[in-house]
Amino acid sequence: MLHYREIDAPICSLIVAADGEALVAVRLAPVGQSSEPDATWEKQVTPLLARCAEQLQQYFRRERRELSIPCRPRGTDFQQSVWHTLREIPFGQTWTYGQLAERLGRPEAVRAVGQAIRANPTPIFIPCHRVIGSDNSIKGHPGGADMKRALLDFEAFG
């Protein structure tokens, strides 16, 4: 069973869901709106979800640049490799989809990288917002382009 907690942040509302050991889902919504938990999730603040909330609060107060909550997103081996590599992108920096594909040793897989980013079930904790188009375009984020821009802007001034 997954447990979840709702968290309000300056640029978004979040629902974080975890099993007993790791974060498995994050749902984002613009400020003033709320995300919906999955019907099978149970609302309960576990120690892991309390740590998620604490780290997110520190992140949005600019006291923390990286989130260190264990994540266990479900996906293919390729998606897992993309999500793992996303954690290498430093706070406030961006890579292009092509740079990420190169880093994975799969320069021809730019579109597949974009699809894996769009499917990231734990945004912010796995910072897919730090990947942009080669023309600086903003796309491919689970929370949408506006959410991605807000996160990039937040980090740019951190």
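The values are calculated or read from the model by the stated rules, or taken from the named source; none is laboratory data. Note that the coordinates shown come from a computational prediction; the quantities given were computed from them, not determined experimentally. Methodologically, a virtual Cβ is constructed for each residue, glycine included, from the backbone with ideal geometry; neighbour enumeration extends over all protein chains shown. These accessible areas exclude ligands, DNA and RNA; they are computed on the full protein's heavy atoms, side chains included. Shrake-Rupley method; radii C 1.70, N 1.55, O 1.52, S 1.80 Å.
Can you tell me which residues in segment 20-39 are under 20 Å from S68 (Cα atoms) and either touching a strand residue (DSSP E or B) at 6+ places or on another chain (Cβ under 8 Å) or surrounded by 14 or more Cβ atoms within 10 Å (Cβ to Cβ) (or both)? Matches in segment 20-39: A22, L23, V24, A25, V26, R27, L28. The residues of segment 94-108 that are in contact (Cβ under 8 Å) with a residue 40 or more places away in the chain and either outside any helix (DSSP H, G or I) or touching a Pro at 6+ places or on another chain (Cβ under 6 Å) (or both) amount to a single one, T94.
Can P73 be described as of a type outside the set (D, E) and under 21 Å from E6 (Cα atoms)? Yes. A50 meets each of the listed conditions (1) buried (at least 19 other Cβ atoms within 10 Å of the Cβ); (2) in a helix (DSSP H, G or I); (3) of a type outside the set (D, E); (4) more than 12 Å from the chain's Cα centre (by Cα) apart from (1).
With respect to being open to solvent by 40 Å² or more (accessible area, probe 1.4 Å), aliphatic (A, V, I, L, M) and free of Cβ contacts under 8 Å to residues at least 60 places away in the same chain, V82 falls outside the description. Scanning segment 93-125 for residues that are on the phi < 0 side of the Ramachandran plot, crowded, with 22+ Cβ neighbours inside 10 Å and β-branched (V, I, T) turns up V113, I117, T122. Filtered by the rule that a residue be closer than 29 Å to P10 by Cα, of a type in the set (G, A, S) and touching a helix residue (DSSP H, G or I) at 6+ places or on another chain (Cβ under 6 Å), segment 61-108 gives a lone residue, G92.
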